[in-house]
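Data first, discussion second: the structure below is written as structure tokens.
Bear in mind these aren't lab numbers, they're just calculated from the coordinates by the rules spelled out. All of these numbers come straight from a predicted model, not from anything done at the bench. Reconstructed Cβ throughout: ideal geometry from the backbone, glycine too, with neighbour counts over all protein chains shown.
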Amino acid sequence: MAINKSMRLALKALSYVEMDMTKAYKIKRQVDNIASPRIKSAYKLWDHRITGEENDIDVRIFLPNSKKNKKKAIIFFHGGGWVVGNIDTYSKICDNMAKQTGHIVVSVDYRLAPENKFPKGLEDCYTVTQEIFSDKRFFNIDLDDITIVGDSAGGNLAAAVSLMARDRGGYIPKKQILIYPALWNDYTENSIYQSVHDNGKEFLLTSQRLCDYMKLYINDEEDLSNPYLAPLLADDLSNQPETLIITAEYDPLRDEGEEYAERLKQAGNIVKTYRMKDALHGFIALPKHFIHVKRAYEQINDFLNKEGNSPE
């Protein structure tokens, strides 16, 4: 459904009431937790803890009942600007992801900023990914059948984990899915991306909120030049996983996601890009019957199940 004039006015009004997230992030966490009670999943849920160098990392594992694709898995990093969100608030999304794909889904409860600034949350995601790939007992899944997936800030983390794995000599996932990912470092009026200017004020996820999240995530200005924070800064994007990038038409992050796809292709990687028409940032959290969610999983399942993908 196209965004008509009435909907635009409603979105503009909602976007106008903008919280300063640098001061209100704790309130946002509380509201999200209240609005996202523990779900009653149709699947087996297993809460597990993985030991890292600095801390233990909680994961929630969703085990589909169906035998279809039972030997395939997704490692999922949630969005929320690196500041909000957790395995409870994302359980509904992960439960639906397990149902729609038939994959085991491992949701990672990485450390959040500002209490744990860059790169601590990223290190948690990397630790979990490498632990799963190195542990042959993990449901006896073939390594080529484990895909990393992230939405928004989680898409940023997934892309950074893949770069980090290559640079550190770790196991590089065969596939990654980045859903409207954040991949750049500037959402001010000086942004180089037109989608930030076109969609940064009237479509719920505002450029101001993106700036707030970035301020909470970084330690100092030096972090902004780190390609693990902004993967588009990487000089070398070779030897990366086969990639599906899904963007949203009315999202300030749209253009950077699509540029990252082009950069990956230029570096010799296999990449598919899909722009969701008439969609806003965050649409994957909508109820499963919404058309954007259905179309997203059509793309995701095609990508997950197709063997021998080729560049587009």
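Between Phe138 and Lys201, what's the calculated FRET efficiency when r is the beta-carbon distance and R0 is 51 Å? Round to 0.05. Efficiency at R0 = 51 Å is approximately 0.70. Cα centroids of segment 234-251 and segment 174-203: 12 Å apart.
Taking amide H atoms as placed 1.01 Å from N in the peptide plane, the amide H of Asn226 has no partner under 5 Å among residues 5 or more positions away or on other chains. Using the average count of surrounding beta-carbon atoms within 10 Å as a protection proxy, the listed peptides 102-108, 199-205 rank, highest first, as 102-108, 199-205. Legend: distances between Cα atoms for Lys44/Lys277; Lys215/Lys277; Lys44/Lys174; Lys174/Lys306; pairs beyond 24 Å are Lys44/Lys277; Lys215/Lys277; Lys44/Lys174. Amide H contacts of Val271: Thr243, Glu312, each under 5 Å away and 5 or more positions distant or on a separate chain (H built 1.01 Å from N in the peptide plane; Pro and chain starts excluded). With the charge dipole of the chain set up from +1 on Lys and Arg Cβ and -1 on Asp and Glu Cβ about the Cα centre, the Cα lying farthest toward the positive end among the listed residues Asn116, Met21, Tyr274 is that of Tyr274. By the count of neighbouring beta-carbon atoms within 10 Å, fewest first, Val59, Val128 end up ordered Val59, Val128. Share of Cα-Cα pairs in segment 112-263 beyond 24 Å, in percent? The share of Cα pairs beyond 24 Å in segment 112-263 comes to 32 percent.
Per-residue ellipticity at 222 nm from helix content only, as computed over the chain with -39500 (n - 2.57) for each DSSP H run of at least four residues, stands at -11500 deg cm²/dmol. What percent antiparallel are the DSSP beta bridges of the chain, to the nearest 5? Roughly 30 percent of the beta bridges in the chain run antiparallel, per DSSP. For Leu63, Leu304, the sequence from fewest to most other C-beta atoms within 10 Å is Leu63, Leu304. Could you tell me the relative contact order of the chain? Use alpha-carbon pairs under 8 Å, at least six residues apart, and round to a whole percent. Relative contact order here is 17 percent.
Given +1 at the Cβ of Lys and Arg, -1 at the Cβ of Asp and Glu and no other charges, the dipole of the chain around its Cα centre is 1640 debye to the nearest 20.
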